[in-house]
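These notes concern the structure reproduced below.
The values are calculated or read from the model by the stated rules, or taken from the named source; none is laboratory data. Being a predicted model, the structure only gives us computed values, none of them experimental. Neighbour counts are summed over all protein chains in view; Cβ atoms, including those assigned to glycine, are modelled from backbone coordinates with ideal geometry. Only protein heavy atoms, including side chains, enter the accessible area calculation; ligands, DNA and RNA are left aside. Shrake-Rupley method; radii C 1.70, N 1.55, O 1.52, S 1.80 Å.
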Amino acid sequence: MAGGIVEGGERGKRAHLYNHKFTIYFAFTCIVGALGGSLFGYDLGVSGGVTSMDDFLKEFFPDVYIRKNMHLHETDYCKYDNQVLTLFTSSLYISALVMTFFASSLTRKKGRKASIIVGALSFLAGAILNAAAKNIAMLIIGRILLGGGIGFGNQAVPLYLSEMAPAKNRGAVNQLFQFTTCAGILIANLVNYFTNKIHPHGWRISLGLAGVPAVLMLIGGLLCAETPNSLVEQGKLDEARKVLEKVRGTKNVDAEFEDLKEASEEARAVKNPFKTLLRRKYRPQLIIGALGIPAFQQLTGNNSILFYAPVIFQSLGFGANAALFSSFITNGALLVATVISMFLVDKFGRRKFFLEAGFEMICCMIITASVLAVDFGHGKELGKGISAVLVVVIFLFVLAYGRSWGPLGWLVPSELFPLEIRSAAQSIVVCVNMIFTALVAQLFLMSLCHLKYGIFLLFAGLIILMSCFVFFLLPETKKVPIEEIYLLFENHWFWKNVITDDQNVSDGRPVATV
């Protein structure tokens, strides 16, 4: 099914008439929009490194510092098991999941740009407060402001990119968000590697530099265009037409513009998009896009590694600088994998990347657990050879995640939802993502302490579950116009039986024919 075109005059018939050319203006808007990912990425990368720095621990968490250095030549799973320390990391994501609901209303009523700008301002304020922190309260408040920035940015940016992109390139364009996320992680690890040598306030530099991507995103939010979809939704038809012509590089946009207007008419008829999302006709989008994929993205175990890579490597016997350098190499794999995914996802499709990479991730988690079960614990340091094997396995795991659940965890949800529920659904996506991100951040070190190597077997089991979820329930969405995605579910072996009754009674649209 190459696009699920319906027979008749309804929305979905015109996709083959869409036209576009590459333009510098389109490239600029997408790069600017993707800068939102750098906020998320820099914080992901910087938090774990800062929490492993002795100067930071001595100032805010002296008990952890004492426990960490009590037996300098021993390693164990529990050195960093401190719930206040992990609250420093997870408080940001708790804030983000709350703020995303405010972002939903702003994104729908005032546009994607408005949320991008508010997110940048909030993140900038949080970065300044964290860099100047004198006590734990200032740290946590700063993290809450950073979370507000991520809540607004992650709500708006994936939508912005998906709506700006033509259907045939939507996968690559949307993955700019993941690319800048990975770039932010990599830069944060590099920053931590050098600031760890600056005593006693290197950690302040690491946290304060989060303001740089925030400023870039703020400038970009002020300069870039609003999406045609959002402008039509706000009733600004003339402006929407001009922006569409500019980003597509042609005046021949009649077919796409008509589809946008029809989608907008349906959107305006929806008074309560959150309630509408619960209707049977949107059940596939709700279960797959809003709940399943964002939750599973965090349960792969990858973000646990990203959060705490320096801590994990130190716990396994690496020195402080070696731990930061190892995590830098690991996160380099994430960036490389994202580039691979950007170039290939629109060729091979979403499902193949999910399933092929999922198999590799399962193998890596099992190998990691096996190595730790045999060669680690009870004050025993890992040998250099075993340590090198472990770094390579984690590298391969991140490489697999970086071309599958990492970028696709944002891409697929952003392209599944029709305009009438898109903003509300994206809020649910961000909310679920942040709930599970916060849970993983808060519970991982405790789980590592109690489950030991078993935590990696748990992740392997979860990846098996999520791979089955994708195999049975997710249709392939590559090159399908974003306003036609609903047609895929009308022809899906399982979902067509779920949505047909509601659609026939309440919607009036004909079921697609293949």
Kindly check whether there is at least one residue in segment 415-432 that is open to solvent by 20 Å² or more (accessible area, probe 1.4 Å) and farther than 30 Å from residue 110 by Cα. no
Of all helices (runs of 4 or more DSSP H) completely enclosed by segment 392-503, which ones contain at least 2 residues that are touching a residue at least 60 places away in the same chain (Cβ under 8 Å) and under 30 Å from residue 20 (Cβ atoms)? 405-416, 419-451, 486-490
Among (1) open to solvent by 10 Å² or more (accessible area, probe 1.4 Å); (2) over 22 Å from residue 330 (Cβ atoms), which single condition is residue 217 missing? (1)
Residue satisfying all of: in segment 271-298; in a helix (DSSP H, G or I) and among the charged types (D, E, K, R); modelled with the lowest pLDDT among these: 275
For segment 255-268, give me each residue that is open to solvent by 20 Å² or more (accessible area, probe 1.4 Å) and either in contact with a helix residue (DSSP H, G or I) (Cβ under 7 Å, 6 or more places away or on another chain) or among the β-branched types (Val, Ile, Thr) (or both). 256, 261, 266
Given the structure, is residue 275 among the basic types (Lys, Arg) and either open to solvent by less than 70 Å² (accessible area, probe 1.4 Å) or farther than 30 Å from residue 478 by Cα (or both)? no
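Please find, among 157, 173, the residue that is of a type in the set (A, V, I, L, M), assigned to a helix (DSSP H, G or I), in contact with a helix residue (DSSP H, G or I) (Cβ under 9 Å, 6 or more places away or on another chain) and open to solvent by 10 Å² or more (accessible area, probe 1.4 Å). Write out each step before concluding.
Details: 157 fails: open to solvent by 10 Å² or more (accessible area, probe 1.4 Å).
Result: 173 is the single residue among 157, 173 that is of a type in the set (A, V, I, L, M), assigned to a helix (DSSP H, G or I), in contact with a helix residue (DSSP H, G or I) (Cβ under 9 Å, 6 or more places away or on another chain) and open to solvent by 10 Å² or more (accessible area, probe 1.4 Å).
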So if I check each of 122, 162, which one is open to solvent by 20 Å² or more (accessible area, probe 1.4 Å), closer than 28 Å to residue 420 by Cα and assigned to a helix (DSSP H, G or I)? 122
From the list 252, 196, pick out the single residue that is surrounded by fewer than 21 Cβ atoms within 10 Å (Cβ to Cβ) and either of a type in the set (S, T, N, Q) or touching a strand residue (DSSP E or B) at 6+ places or on another chain (Cβ under 8 Å) (or both). 252
